[in-house]
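The structure appears below as structure tokens.
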Amino acid sequence: MPITTGFNHIATLTSDMNRTITFYETAFDAKVIFEIERSEDHPWMKIVDVGGGAALNIFEARAGEIIGERRRPGHRGAVDHFAFAVDSRATLEGVKERLVAAGAQEVGEIQRLGGELSLFFRDADGLELEVCCPDDPQS
């Protein structure tokens, strides 16, 4: 059994902090719980609670400083994508509607991947992301 209890946070970059925060608040009811203002030795950062004890640490950087094209696996940087977890297909279907309303790009179709249902999309910055839930054939 692993000794960890899961992920604490994932750090990601944006060229527009306000747009990105609005996206996650709208799509997932996420909440900003901490902020570090830009200084000479630290970029502007917000910590966003996304539920389940997990957070996004979002750093603002100039677009030219963000490496990777974000379109093809292997070209997106060291972290290709990450997935949010929800509890059921019904919640996943609701999240799909919320993603569209929040301005997500390329919202896909719900698909089965092994024992899970999966939905891929791109956030406000074009980052490839996923939302998953257990596949309950009776739902």
Count - residues of region 102-129 that are out of contact with any Ser or Thr (no Cβ under 6 Å at 6 or more places or on another chain) and of a type in the set (S, T, N, Q)
2
Number of positions in region 58-82 that are crowded, with 16+ Cβ neighbours inside 10 Å, under 14 Å from the mean Cα position of the chain (by Cα) and modelled with pLDDT of 75 or more
2
Check on A124, at negative phi, in contact with a helix residue (DSSP H, G or I) (Cβ under 7 Å, 6 or more places away or on another chain), part of a loop (DSSP other than H, G, I, E, B) and at pLDDT 85 or above:
yes
Determine if region 90-109 includes at least one residue that is buried (at least 18 other Cβ atoms within 10 Å of the Cβ), assigned to a loop (DSSP other than H, G, I, E, B) and out of contact with any Phe, Trp or Tyr (no Cβ under 8 Å at 6 or more places or on another chain).
no
State whether the residues of region 22-32 include one that is modelled with pLDDT of 95 or more, assigned to a helix (DSSP H, G or I) and of a type in the set (D, E, K, R).
yes
Collect the residues in region 6-36 that are over 18 Å from A102 (Cα atoms) and either free of Cβ contacts under 8 Å to residues at least 12 places away in the same chain or among the aliphatic types (A, V, I, L, M) (or both), keeping them in residue-number order.
I10, A11, L13, I33, I36
Residues within region 33-59 that are in contact with a helix residue (DSSP H, G or I) (Cβ under 8 Å, 6 or more places away or on another chain) and part of a loop (DSSP other than H, G, I, E, B), tallied:
1
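The values are calculated or read from the model by the stated rules, or taken from the named source; none is laboratory data. Here the structure is a predicted model, which is why all the values come from computation and not from measurement. Cβ sites come from the backbone with ideal geometry, for glycine too, and all protein chains shown count toward neighbours.
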